[in-house]
1. Test of understanding: express the Cα radius of gyration of the range A:12-349 as a ratio to 2.2 N^0.38 Å, with N the residue count.
2. Spelling out what I want: for every residue of the range A:135-146, take phi, set θ = phi - 60°, compute 6.51 cos²θ - 1.76 cosθ + 1.60 (Karplus), and round to whole Hz; glycine and proline get x.
3. Can you give the % of DSSP beta bridges in the protein assembly as shown that are antiparallel, to the nearest 5?
4. Roughly what would the spin-label model give for A:Arg60 and A:Met219, points 7 Å off Cα along C-beta, in nm?
5. Quick check: the angle from helix A:339-349's long axis to the longest principal axis of chain A, C-alpha only, nearest 10 degrees?
6. Using the Karplus curve 6.51 cos²θ - 1.76 cosθ + 1.60 with θ = phi - 60°, work out ³J(HN,Hα) for each residue of the range A:98-112 in order, rounded to whole Hz, and write x for Gly and Pro.
7. Just the ratio, please: alpha-carbon radius of gyration of the range A:1-152 over 2.2 N^0.38 Å, N its number of residues.
8. Projected area of the range B:61-215, taken from the Cα convex hull and averaged over every viewing direction, in nm²?
Amino acid sequence: MEEESMAQEFFILDVLLWTSLYLIVTLSLNIEYGYAGIPNFGRALAVLMGAIAAGGIVNRILIAIFGVEGNIIEASGGLKSVVNPMIAQNPLFGLAILALSLVIAALIGAITGALFILPSAKLKQDYLAITLLAISEVIFMVSNYNTAIIGGYYGVSVPDILAWLPGEQRFLAFTVISLFVAILVYFFVERLLTSPYGRLLKAMRENEDVVEAFGKNIMTIRIKTVAIGSAVAATAGALYSFYSVNVIATTFNRVEWTFFPFLMLLLGGMGNNRGVVLGVFSFVLAKLFLTVYKFEIKTLLHLPFEATWLEYILFGIAMLLILYYRPEGILREKPVMTPPVKQALREREKPQS
Amino acid sequence: MEVPKGGITLIIGPNGSGKTTLINVVTGFLKADAGRIIFEGRDITNKAPHDRFKLGIVRTFQTPHPLKKLTVLENLLIADAGYGERVSEALTGKWLKREEDLVDKAFNILNFLGIDHLWSDWAMNLSGGQLRLLEVGRALMCDAKLIIMDEPIAGVAPALAHSILRKLKDLAKEGISFMIVEHRLDIILDYVDRVYVMANGRIVAEGKGREILNNPEVIEVYLGAQG
């Protein structure tokens, strides 16, 4: 009975944690693709940059401060044994490491995003999407095979920022932190997009020529937008690294951090942040349900392949079904409702006297 | 050719004569192979479209270019110069006062064009004529010095077409210059100050209002071709 209750608790926390992480990434994609129409098929790169901020940059800063010897792989292990006891004594130190990592992640995410989108000066839509995917894959491969960045396929350790908590409470605390960051990101994105800027992004998505004809510099708007989106996505990469207490490049693959966020965005509804929340929550629930019960489902359905492939197949089918039958997603897009527009709506809805 | 300040300059010519190409070159959507474009004494030949807009040049498109998944009101609100581009303004909410003013201005324009009842409709649901009016409305939103219009009254009912042109005439009196390409000569000629006739990428004649219809060049290249 107690085991069952623990399993349920674990499942709920898992749903909340992954909803938080994926909400951050999918909201970032909503800024870029849902609003601005920029088909960023290289979303995983920004998330990887967040992981590099935590495992590559903050780790090196701490290694330098505490004078730990060895290459990044060995030194990160050594650093853990120096820093974790300090965090256990002083929880604020752990939270400071997290805060610093999130800031650096957002910064390098923004810089990478701004550089990453430069090919859009010459490329449009499908060609741009493929190019962004290719750039993302190249950097993913370099990070995976070059052990000097984040330890390549060996990976690196990062400090346990919650080392002051006993193991069973760590998951709960990390979920709360992730939810807190996700809620902050949600309100940031909502404020950014429920404004003339959000409207301008939608206009750019609909027709760049018109926006340009009315004096807006498309390239500048694109750069700013992808920089913001990438900064947001990178925070999820840093958070995830501290959750798993290590950074391995293969974790940040295109399926988990590009394809799935696109699926969640399309499922929930592009250009609608509430839709994104619904899409992410539904997806995470389905994904974890499949992860928990995939062997039972395989046996029940007599599937002729390994259960591990089930989720990829089902989510691939789900993507096709959404695109075919409900391309607008669960919640349809709505106009940008600024206070004066809401006021106009109220005035015009009044019965005529 | 010359577009005088505070006047309405009409460009006519048969299909394929280069009228829209001329508009694209003047607004920066196409690069000029030769010649220069001078606006208020400044050479703008190599400037980007958004830079020309900042100098006060705005255009409408021959085929209406609605922002389909934006409402009619939103289509007008994006037209204001420099509005909505700053992330810092978006986050601090400094745009609110300007938004209030722009919403009022947009409703006045929509009211004038007779499409204010459609303000909250998606632009993709408008009819062809309504889309034309939307194009005109956007151009009127941005307080431009020179408004370049590609067939602004095509598909618009005659009464409303006259009403639009009267409004343009009033705006011209206030100092705004108009450069218009239009085929509906029966309606537009009474409102224009100068007419240029194009054929095969060149200006072949020029004149004033209905006088141009008596020009033999025009009869041959334009009206002749039409007939």
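The values are calculated or read from the model by the stated rules, or taken from the named source; none is laboratory data. The structure displayed is predicted, hence computed values, not measured ones. Ideal geometry is used to build each Cβ from the backbone, glycine not excepted, and the neighbour counts take in all protein chains shown. Each accessible area value is taken on the protein alone, full model and side chains, heavy atoms only, with ligands, DNA and RNA left out. Shrake-Rupley method; radii C 1.70, N 1.55, O 1.52, S 1.80 Å.
1. The reported ratio for this selection is 1.04.
2. Once rounded to whole Hz, the list reads 4, 4, 5, 4, 5, 4, 5, 4, 5, 7, 9, 8.
3. Values: 10 of 26 bridges.
That works out to approximately 40 percent antiparallel.
4. According to this spin-label approximation, the distance is 3.0 nm.
5. 40
6. With the stated coefficients, the range A:98-112 comes to 4, 4, 4, 5, 5, 5, 5, 4, 4, 5, 6, x, 5, 5, 4 Hz.
7. Numbers: Rg = 18.9 Å, N = 152, 2.2 N^0.38 = 14.8 Å.
In units of the globular-protein estimate, the range A:1-152 measures up at 1.27.
8. Values: hull surface 42.3 nm².
Projected over every direction and averaged, the Cα hull of the range B:61-215 covers 10.6 nm².
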